[in-house]
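Visitor: Here it is: the structure, laid out below.
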Amino acid sequence: MTEAEGELNRTFSRCNPGSGKNVDEWNSNPRIAQKRWEEGFQKPLDEIAKRLDEGVAGKQSPIMAGIQKINLEVSLLRSIARS
C-alpha cells in the first residue's frame, strides 16, 4: 500500500504453472516443469512470506485501499463505456 488513496503496490502476480509432479512424462518434462515452478512461483512466494513479519502498522487499511482501487477502476471503465 502507498500513501496515495486507493493505490497498491503489487508484490506478486503469477498463475501457478504446476510442479513437476503434475505433468505427464509422455507430454512434458517433469524436471523442467519442477524447475519452472520452483524458480518462477514457489521461490518468489517464499521470499514474500519471509518479509511478512517486517511490516509495520499503517495509517490506512490495505483492504480498504484494494476496495477503493477496484471501485475507481470500475467507475473509469463505466465512464469509458458510456462515451
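The values are calculated or read from the model by the stated rules, or taken from the named source; none is laboratory data. Owing to the predicted nature of the structure, the values given are computational and were not obtained by experimental measurement. Heads up, the Cβs are rebuilt from the backbone with ideal geometry, glycines too, and the neighbour counts pull from every protein chain shown. Calculation scope for accessible area: heavy atoms of the full protein, side chains included, ligands and nucleic acids excluded. Shrake-Rupley method; radii C 1.70, N 1.55, O 1.52, S 1.80 Å.
Visitor: Return yes when ASN16 is open to solvent by 80 Å² or more (accessible area, probe 1.4 Å) and assigned to a loop (DSSP other than H, G, I, E, B) and no when it is not.
Guide: On the way: open to solvent by 80 Å² or more (accessible area, probe 1.4 Å): yes; assigned to a loop (DSSP other than H, G, I, E, B): yes.
Against the criterion (open to solvent by 80 Å² or more (accessible area, probe 1.4 Å) and assigned to a loop (DSSP other than H, G, I, E, B)), ASN16 qualifies.
Visitor: Follow-up question, since we're still on this one. Does LYS35 meet the test of being surrounded by fewer than 10 Cβ atoms within 10 Å (Cβ to Cβ) and of a type outside the set (A, V, I, L, M)? Give the steps one after another, and end with the answer.
Guide: Details: surrounded by fewer than 10 Cβ atoms within 10 Å (Cβ to Cβ): no; of a type outside the set (A, V, I, L, M): yes.
It is false that LYS35 is surrounded by fewer than 10 Cβ atoms within 10 Å (Cβ to Cβ) and of a type outside the set (A, V, I, L, M).
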